[in-house]
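The values are calculated or read from the model by the stated rules, or taken from the named source; none is laboratory data. This structure is a prediction, so every number in the text was calculated from the model and none was measured. Cβ: placed from backbone, ideal geometry, glycine included. Neighbour counts: every protein chain shown.
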Amino acid sequence: MESSRANLISDLAATLSHVPSKFVRPLGERPNLEEVVNHGVEEEVVEKMMKVSREFFELPERERVKWYSEDPLKTTRLSTSFNVKTEKVGNWRDYLRLHCHPLQNYINEWPTNPASFKSHVAHYCTHMRALSLLLLGAISESLGLDADYINTVLGQHGQHMAINYYPPCPQPDLTYGLPAHADPNVVTLLLQDQVSGLQVLIDGKWVAVDPVPNSFTVNIGDQMQVISNDRYKSVLHRAVVNCSKERMSIPTFYCPSPDAVIGPAPQLVDHHHPPHYTDFTYTEYYHNFWNRGLSRQTCLDIFKA
Ligand code: OGA
Ligand code: NI
């Protein structure tokens, strides 16, 4: 049975005073420890999303592991770290991953416990979709493209969500919640609770993005970098953990359809701006992203023109 292999960090963390060796990064790869407001999404929707997510991770292990799977093709699943099948070092994170659009295709698979999970999460997803579409329109226009350009390129949109749970860690200087990576999708709207942990790389330095109440942090993903022919750059970011407080974050990943063909917008290519990437399907890209693991090196390399 799959659940017997579940090795969720949330169940281990409380019993540990040291970070097990499988989480320990080599020296030099360890953390050096030292937003959208007025978005129109009602505070209540956001609060209920965060509350029901916390309640899910507070359920007894026997309830939570019903959702556990290491199969990335499962559209609703609880897992741990990043890709437990390929990674050499673990990450101090459990996560529940949900596909959210079209809602009616997925909502029946979502957890039934807590009882209000489906309704609160569905409500939140609907708001996040509207906000993502607004954002894509604004970004298209900022590039001098038709407001609908990116929306159209994405084909049948995908919207996925992770509910990230980072337990307190006895030795946060040895490991990461999530190591440095750029998100693979187009844009990510990240909701954080009130505990710090997100950092972004700016001019070679890791800078904390501390939570601002009732706001979303927007991360540009790799697909936006390609579509904009490098006018927008995907942002390298990571999550660090701490020894006293659990932390939760809820990214909404807005994605192209798997068969969407992604490449620089023709309007952004001319003699002075040659295309920086060849066209590829989102499936081709994603396969590469998922199997190589999180890394500071971009996985766009193989698509460079
Ligand atoms: C992610 C991510 C950051 C955070 O899930 O892709 O970057 O603060 N999360 O949890
Ligand atoms: Ni990310």
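Here is a check on your reading of the model: is Thr152 more than 18 Å from Val46 (Cα to Cα), within 16 Å of ligand 1 (Cβ to nearest atom) and of a type in the set (Val, Ile, Thr)?
No.
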Subset of the stretch 144-181 [at pLDDT below 95 and farther than 29 Å from Pro111 by Cβ]: Ala180
From the list Pro211, Pro179, pick out the single residue that is under 17 Å from the mean Cα position of the chain (by Cα) and within 12 Å of ligand 2 (Cβ to nearest atom). Pro179
Just one listed residue, out of Asn242, Asn229, Asn185, is at pLDDT 95 or above and in contact with a His (Cβ under 6 Å, 6 or more places away or on another chain), and it is Asn229
Which residues, taken from the stretch 271-305, are outside any loop (DSSP other than H, G, I, E, B) and among the β-branched types (Val, Ile, Thr)? Thr281, Thr283, Ile302
Is it true that Leu178 is touching a Cys at 6+ places or on another chain (Cβ under 8 Å) and under 22 Å from Trp290 (Cα atoms)? no
Hey, can you tell me all the residues within the stretch 21-36 that are surrounded by 14 or more Cβ atoms within 10 Å (Cβ to Cβ) and either over 24 Å from Ser196 (Cβ atoms) or at pLDDT below 80 (or both)? Arg30, Pro31, Glu35, Val36
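Say we look at the stretch 155-172 and pick out the residues that are farther than 23 Å from Thr283 by Cβ and of a type in the set (S, T, N, Q); which of these is farthest from ligand 1 (Cβ to nearest atom)?
So the residue we want is Gln171.
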Flagged pairs (Cβ under 8 angstrom, 6 or more apart or on separate chains; first in the stretch 225-239, part of a helix (DSSP H, G or I); second within 16 Å of ligand 1 (Cβ to nearest atom) and at pLDDT 95 or above) are Ile227/Val186
Hey, among the residues in the stretch 215-260 that are of a type in the set (Ser, Thr, Tyr) and more than 12 Å from ligand 2 (Cβ to nearest atom), which one's farthest from Asp148 (Cα to Cα)? Ser244
May I ask you to verify whether Leu236 is of a type outside the set (Ser, Thr, Tyr), touching a strand residue (DSSP E or B) at 6+ places or on another chain (Cβ under 9 Å), closer than 23 Å to Leu143 by Cβ and within 16 Å of ligand 1 (Cβ to nearest atom)? yes
Test set (1) within 22 Å of Glu43 (Cβ to Cβ); (2) within 13 Å of ligand 1 (Cβ to nearest atom) - Asn214 fails condition number: (2)
